[in-house]
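Bear in mind that the values in this text are calculations on the coordinates, not laboratory data. This is a predicted model, so every value here is computed, not measured. Because the Cβ atoms are built from the backbone with ideal geometry, glycine has one as well, and the counts that use them run over all protein chains shown.
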Ligand code: ACO
């Protein structure tokens, strides 16, 4: 099995969004806080007609229809999500309803969850299955999806909704670079969901941001070390990565993440490296102090402006216009990159991903472009799909958030949201019965 990796992918995001400039005004915060400070333009959301199961079904069925893949050809299906509506039953088993007609019920894989990292773990599992003696020759599907909603307050504008469906197999245009991988995991309470009665996370915002950067330091350095030891690259650095795609809680964090990689390159470089002549004063900053050193951050953002524009900016289209999609976020970054950069330019290039999930779990790893990405870009039609959405006023958005809050985990419930605003081919919740069993229909 050669070039195991991403054969194809498609995304789903809801038809409605709230504009971040309007949200700034509505929330009474200073103009620019969400749009410049967080780097967000629009935020997708859904009402009580959509839940994590419906969102995943929409993504999977949409993918299968577009690419003409048969459910009979799938031997593994993994779901990465942190939007949990059942403590036992997986979203994966709900998705098996889509397989019923094909008669294929022999499908391995189950849900994986740890904040925004579950999709990455699911993708690793699927790729490793294809390269393992357990592989039976069929293809794998990886679904990463989340409904990211926060309580009122500073975190609310960093929400979003999205799902990605990825086909994994051999001879893939995006071949995973085994074993170039740097992973970092530790126990930390930065963002978690201990309140089972609520859809909202408990968040220590500043700690989550510092943890993202700390995990990046470790994962990125471990990845570079692998590039040197296994990849045979001498003094590896950002210049050996053609494109860098990040988990994006909001796009400003990605700018900071890229700058942080350059800071790590700087610490790995020789003290007289000409490229870092203007930032030498930061060489002796203690690592713990560096996480909150604004001058350091600013200096490296400045130093990496043009590199960032070339290697990462094209991956932010979805993140800026949809918001955080937790497990799906990093793959929407990849989808954006494939949409924005033509295949001729991507051909043969290395795309490095940085995935971060609070709690925390993080990995840096990469793909090599080994085949034509044009069909994926055409099928995604990302920019035009983003344009076709419906804008909703902040006051109405808040009402919808309240509706979700009050009906979360409801028993014997009939959703009240309008079905008319859903895009064609969208699965939606019809009813929750007296035993919490959910039934769905499709527009
Ligand atoms: N114009 C321009 N910039 C502004 C303005 C303005 N009017 N007002 C504020 N800003 C800037 C700030 O200077 C700050 O910039 P900096 O990050 O470079 O320092 C930025 O906007 C954010 O402003 P803060 O006052 O720091 O924002 P606040 O603390 O209110 O909220 C936070 C930010 C903590 C990230 C919040 O959105 C949050 O908790 N989000 C959820 C957690 C999260 O996403 N964590 C990231 C990793 S974990 C994960 O993916 C879930």
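Return 325, 196 ranked ascending by Cβ neighbour count within 10 Å, so the fewest neighbours appear first.
Fewest to most other Cβ atoms nearby, the residues stand as 196, 325.
Equivalent ellipsoid semi-axes for the chain, as square roots of 5 times the alpha carbon gyration tensor eigenvalues: give them largest first, rounded to whole Å.
34, 27, 19
Sorted by packing (mean other beta-carbon atoms within 10 Å per residue), highest first, where do 21-33, 345-357, 425-437 land?
Answer by packing, highest mean first, reads 345-357, 425-437, 21-33.
List 301, 166, 110 from most exposed to least, where exposure is judged by having the fewest other Cβ atoms within 10 Å.
Ordered from fewest to most neighbouring Cβ atoms within 10 Å, 301, 166, 110 come out as 110, 301, 166.
Under 16 Å from a point 7 Å along the Cα-to-Cβ line of residue 195: which residues of segment 72-91 have their amide N that close?
Residues 84 fall inside that zone.
Compute the whole-percent fraction of alpha carbon pairs in segment 28-80 spaced more than 17 Å apart.
That fraction is 60 percent.
By per-residue mean of other Cβ atoms within 10 Å, what is the highest-first order of 89-95, 258-264, 280-286?
The packing order, highest mean first, is 258-264, 89-95, 280-286.
Rg (Å, one decimal) plus Dmax (Å, integer) for the alpha carbons of segment 31-158?
17.0, 57
Just to confirm my numbers, what's the Cα centroid distance between segment 324-368 and segment 377-430 in Å?
So the two Cα centres are separated by 26 Å.
Given segment 376-443, report the % of alpha carbon pairs whose separation exceeds 19 Å.
51
With the Cα gyration tensor of segment 251-315 in hand, convert its eigenvalues to equivalent ellipsoid semi-axes via √(5λ) and list them largest first in whole Å.
20, 14, 9
Label residue 2 and residue 387 with points 7 Å out from Cα along Cα→Cβ: what is the distance between them in nm?
It is 4.0 nm.
Using a ≥ b ≥ c from the Cα gyration tensor of segment 212-287 (square roots of the eigenvalues), is it rounded, prolate or oblate, where a/c under 1.5 gives rounded and otherwise the larger of a/b and b/c decides, a/b for prolate?
Oblate.
Sum -39500 (n - 2.57) across every DSSP H segment of at least 4 residues in the chain, then divide by the residue count to get the 222 nm mean residue ellipticity, nearest 500.
-11000 deg cm²/dmol
Could you compute how fast segment 139-191 diffuses translationally, taking Rh as the Kirkwood radius over C-alpha pairs and applying Stokes-Einstein at 37 °C with viscosity 0.692 mPa s? Give it in µm² per second.
219
If R0 is 25 Å, what FRET efficiency do you get for residue 96 and residue 405 from their C-beta distance, rounded to 0.05?
0.25
Would you mind estimating how fast segment 322-391 diffuses translationally, via Stokes-Einstein at 37 °C and 0.692 mPa s with the Kirkwood radius over Cα pairs, in µm²/s?
Taking Rh from Cα pairs, D becomes 242 µm²/s.
What's the FRET efficiency of residue 233 with residue 272 using the Cβ-Cβ distance as r and R₀ = 25 Å, to the nearest 0.05?
That gives a FRET efficiency of 0.75.
Starting from the Cα-Cα distance between residue 110 and residue 374, subtract it from 0.36 nm times their residue separation and give me the gain in nm to one decimal.
Working it through step by step, the gained length comes to 92.0 nm.
For segment 209-368, just the Cα atoms, rotate onto the principal axes and tell me the three extents in Å, largest first.
40, 32, 27
Can you tell me how segment 119-262 classifies by the Cα gyration tensor, rounded, prolate or oblate, using a/c under 1.5 as the rounded cut?
Cα axes put segment 119-262 in the oblate bin.
For the chain, modelled as a GNM with alpha-carbon contacts under 10 angstrom, which of 18, 79, 245 fluctuates the most?
18
Counting only DSSP beta bridges with both residues in the chain, what percent are antiparallel, rounded to the nearest 5?
75
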